[in-house]
Amino acid sequence: MTAGSDALAAAGVLGLVAVAVVAVDVIFAPVAVFAGAAGAVGLELFASVRAARVRAVWTRRGVRAVAVVLGVAVVAVATIAVPVWGLNALAGGLLAYLALLALVAGGVLPPSTDWFRGQGE
């Protein structure tokens, strides 16, 4: 569906996270990375239960652009307020999301729209 543009957007925000990590000299916090990754997987599982509804919203004009703007804002707030935990969690979440996209693109996992097909629609 929009996996390519979603991956590009996530990679762009992840690049901004990397710049912020270097700029404020953030140390690696594995627990925060894991929490971010778990959060991303959980969000994807939650969204996949209502895949048709999520797809309908996600494909509306401007929604993905707003999501990127919000991602940039979250990076800015995390950099100022909680750089170690915030930036590590964002990196973990974005990396997990990109890994899920890669696993789907490689045929290892079915698309998330198929994970709970017929349930909750």
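The values are calculated or read from the model by the stated rules, or taken from the named source; none is laboratory data. Fair warning: this is a prediction, and the values are worked out from it, not measured in the lab. Every residue, glycine among them, receives a Cβ derived from its backbone with ideal geometry; neighbour counts consider all protein chains shown. These accessible areas exclude ligands, DNA and RNA; they are computed on the full protein's heavy atoms, side chains included. Shrake-Rupley method; radii C 1.70, N 1.55, O 1.52, S 1.80 Å.
Counting only alpha carbon atoms, the long axis of helix 63-81 and the longest principal axis of the chain meet at about 30°. Residue ranges 78-85, 107-114 sort as 78-85, 107-114 when ordered by packing (mean number of other C-beta atoms within 10 Å per residue, highest first). In the list (i) 2, 12, 19, 23, 19, 13, 8, 3, 1, 0; (ii) 2, 9, 14, 13, 9, 11, 14, 13, 10, 4, 1; (iii) 2, 11, 19, 17, 13, 11, 9, 7, 5, 3, 2, 1, 0, the label attached to P(r) over Cα pairs in 5 Å bins from 0, in percent as derived from the coordinates here is (i). Counting only protein heavy atoms and using a 1.4 Å probe, the accessible area of S5 comes to about 60 Å².
Please tell me the relative contact order of the chain in percent, rounded to the nearest whole number, where contacts are Cα pairs under 8 Å and at least six residues apart. List each step's numbers first, then the result.
Working: 120 pairs, mean separation 56.2, N = 121.
For the chain, the relative contact order is 46 percent.
In debye, nearest 20: dipole of region 1-100 around its Cα centre with unit charges on the Cβ of K, R (+) and D, E (-)?
Values: 6 positive and 3 negative charges, 110 e Å.
Using Cβ point charges on Lys, Arg, Asp and Glu, region 1-100 gives about 520 debye.
Look at the dipole of region 1-96 built from charges on Cβ: of A11, L70, L90, the Cα furthest out on the positive end belongs to L70.
Between the helical axis of 3-23 and the longest alpha-carbon principal axis of the chain there is an angle of about 10 degrees. Relative to the longest principal axis of the Cα atoms of the chain, the long axis of helix 30-49 lies at roughly 20 degrees.
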